[in-house]
Amino acid sequence: MHIQRSQKELPNQPNLLNSEGNIWLRLGKTDEAIHAYEAALQIDDSYAPAYNNLGNCFLKQENIDDAEKAYLQAIRHNPSFADAHFNYGRLLLAKGNLTSAIHVLQHAHQLNPDHPAILGQLGELQLLEENHSEAITYFLKRLQKQPHHATTYHRLALARLKQGEFKAAIEALHKAMELGAEDIDCHYHLATCYMELGLLKEALSHYFQQLEVDPDADTYYNIGVILMAQEHHHDAMTYFGEAARLDPGNIDTLLNMGAIALKMGKPRLAIDYYEKCVELDPNNQEYQHILCALKQTPGQETKPAIYVKNLFDHYAPFYDQHLTTHLKYSVPDTIACYLEDFYDDSHKESLKIIDLGCGTGLLGETIRGWKKQMIGIDLSPEMIQIAEQKHCYEELVVGDIAERILPYKHADLVVAADVFTYVGDLSVITERVKDALNDGGYFIFTVEKGLVEPFQLQQTIRYTHHRKYLEQLSRDHDLPIITIDNIALRRQKGKPVDGYVVVMRKRSLTNE
């Protein structure tokens with residue numbers, strides 16, 4: 001070895017022994033490296049690089065205490081040694097001392113602002129702290145210094161994904177993969193981005209590729225979710241089954257398997273899945289409610305709010321496409337036709353409208369030409385987030401419709417499209433709608449047609465309402481029915497779902 005020859009010619013040179021240690025360390029011979037570094041320190045016990053490298057060896061051996069002592073010695077003998085501060089910061093992070101790690105790494109950055117590894121580590125810390133903008137800044141600075149660093153592109157992509165910058169995340173992920181990133185979850189994060197953008201075909205492709213790299217429960221689950229949204233129930237059940245095998249305690253998987261069993265017309269199988277959910281979470285009202293529906297237990301007058309919220313939070317990314325493409329949903333167009341009947345063109349862009357259970361804003365988009373002001377109320381924050389992007393509401397509110405409508409008055413129109421399938425007893429909400437309406441204002445809503453009085457919770461986990469109940473509701477709250485018509489709400493299993501569109505009107509005192 002040339003280093004050893006040099007040592008004979010130039011004895012008592014700690015830098016030569018330090019270089020020898022570096023060579024041994026690169027060759028994976030840690031003990032020999034330690035011996036060389038310690039020999040360097042016998043010559044000069046203040047030689048900071050040897051202490052720093054010795055710390056790296058101890059860390060490699062998972063000897064945390066000795067590694068910490070070595071790094072601190074390096075810093076004591078050379079307070080401006082950025083690499084020693086960097087390595088000590090990483091060690092503190094490994095010990096879980098996040099606050100101190102950040103402080104030490106920021107000091108290392110001050111000592112050497114262009115150090116790529118320090119920039120990358122600070123980006124990781126900001127990502128860990130969910131300071132995504134700051135993480136992006138550090139990762140971009142590192143890429144200025146190391147433009148071909150594949151892992152940094154992947155971490156940049158993850159920060160952008162967390163920030164909701166899905167297209168930019170996709171671009172960074174493709175760059176990471178072009179550069180040969182060894183991160184096993186690149187395809188998973190790509191699929192997640194495409195899923196967030198509603199590009200299900202692309203998402204599915206990358207989830208399948210992820211399975212080839214790392215067949216984990218999350219990937220099987222997400223494939224199941226997409227196939228379920230595409231109405232490929234048998235295939236979805238297969239992938240959910242694999243997810244359940246790998247992670248038997250995942251309630252979301254069991255809930256989806258129960259929902260698919262219902263869609264496949266297998267209520268007994270659905271009961272099995274929901275009973276497993278109850279075993280895992282015995283006090284959950286949502287699962288108890290579903291079992292009551294499936295077993296047709298009487299006395300369920302309304303769904304727990306958490307059931308409706310969770311249902312639509314999960315459904316939100318696929319809601320518009322699923323309803324319009326797979327279920328042939330046309331209720332918004334139907335309600336728009338009624339507005340043409342009740343209002344002339346002079347009312348265009350003049351109405352104050354409250355959209356109960358507005359969801360992703362499908363109805364709001366359809367009737368926006370009538371509104372001067374439109375307020376949307378929905379239990380699901382995820383649905384509201386999508387509705388915001390359509391820019392047809394002046395105000396969007398998350399919460400229970402019966403509670404959140406209370407502050408609103410002087411509405412010309414209150415609409416509820418396919419909302420009361422999740423409410424049995426409509427008395428409270430009808431009274432509150434009446435309070436919110438101007439004299440002469442309209443209340444237009446749809447329900448599924450029921451044969452059992454007054455209403456019934458079906459095995460589909462939806463309520464039906466009998467016509468006589470709706471007529472009695474009108475009388476009880478003094479909201480005369482203008483019309484109650486038969487309509488097809490959507491298609492289910494290739495067949496129309498029968499319902500009513502109901503129009504009630506608040507009496508005008510001047511006309512009495």
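The values are calculated or read from the model by the stated rules, or taken from the named source; none is laboratory data. Just so it is clear, the structure is predicted and the values come from calculations on it, not from any experiment. A quick note on method: Cβ atoms are made from the backbone with ideal geometry, for glycine too, and the neighbour counts reach across all protein chains shown. Areas reflect the complete protein model, heavy atoms only, side chains present, ligands, DNA and RNA absent. Shrake-Rupley method; radii C 1.70, N 1.55, O 1.52, S 1.80 Å.
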Which listed residue is of a type outside the set (Val, Ile, Thr) and over 30 Å from Ala39 (Cα atoms), from Ala168, Ala82, Ala67, Ala94: Ala168
Criterion violated by Thr460 - all others in (1) outside any helix (DSSP H, G or I); (2) without any contact (Cβ under 8 Å) to a residue 12 or more places away in the chain satisfied: (2)
Residues in the range 453-488 that are of a type in the set (A, V, I, L, M, F, W, C), more than 20 Å from Gly441 (Cα to Cα) and out of contact with any Leu (no Cβ under 9 Å at 6 or more places or on another chain) total 3
If you go through Leu16, Leu93, the only one that is crowded, with 18+ Cβ neighbours inside 10 Å, at pLDDT below 90 and either under 45 Å from the mean Cα position of the chain (by Cα) or among the charged types (D, E, K, R) (or both) is Leu93
Of (1) open to solvent by 60 Å² or more (accessible area, probe 1.4 Å); (2) among the charged types (D, E, K, R); (3) closer than 28 Å to Arg507 by Cα; (4) in contact (Cβ under 8 Å) with a residue 12 or more places away in the chain, Glu403 satisfies all except one. Which? (4)
For the range 263-290, which positions are touching a Leu at 6+ places or on another chain (Cβ under 8 Å) and either hydrophobic (A, V, I, L, M, F, W, C) or open to solvent by 50 Å² or more (accessible area, probe 1.4 Å) (or both)? Ala270, Ile271, Glu275, Lys276, Cys277, Val278, Leu280
Condition check: open to solvent by less than 30 Å² (accessible area, probe 1.4 Å) and either of a type in the set (D, E, K, R) or within 27 Å of Gln209 (Cα to Cα) (or both). Does His189 satisfy that? yes
If we scan the range 420-427, do we find a residue that is at pLDDT 95 or above, open to solvent by 10 Å² or more (accessible area, probe 1.4 Å) and farther than 21 Å from Pro332 by Cβ? yes
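Conditions tested, residue by residue: (1) buried (at least 22 other Cβ atoms within 10 Å of the Cβ); (2) modelled with pLDDT under 95; (3) within 27 Å of Ile461 (Cβ to Cβ).
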position	(1), (2), (3)
Ile353	yes, no, no
Cys358	yes, yes, yes
Ile377	yes, no, yes
Ile384	yes, yes, yes
His410	no, no, no
Between a residue in the range 464-483 that is farther than 13 Å from Phe420 by Cβ and part of a strand (DSSP E or B) and any residue that is open to solvent by 30 Å² or more (accessible area, probe 1.4 Å) and of a type in the set (D, E, K, R), which pairs come within a Cβ distance under 6 Å, given they are 6 or more apart or on different chains? Ile482/Arg505
Could you count how many residues in the range 318-347 are open to solvent by less than 70 Å² (accessible area, probe 1.4 Å), part of a helix (DSSP H, G or I), touching a helix residue (DSSP H, G or I) at 6+ places or on another chain (Cβ under 8 Å) and at pLDDT 55 or above? 6
Checking the conditions here, which among Ala181, Ala203, Ala243 is open to solvent by less than 30 Å² (accessible area, probe 1.4 Å), in contact with a helix residue (DSSP H, G or I) (Cβ under 7 Å, 6 or more places away or on another chain), in a loop (DSSP other than H, G, I, E, B) and without any contact (Cβ under 8 Å) to a residue 60 or more places away in the chain? Ala181
Among the listed residues Arg155, Arg142, which satisfies the condition of being touching a Leu at 6+ places or on another chain (Cβ under 6 Å), basic (Lys, Arg) and open to solvent by 20 Å² or more (accessible area, probe 1.4 Å)? Arg142
Looking only at the range 35-62, how many residues end up being closer than 22 Å to Leu92 by Cβ and either open to solvent by less than 50 Å² (accessible area, probe 1.4 Å) or in a helix (DSSP H, G or I) (or both)? 14
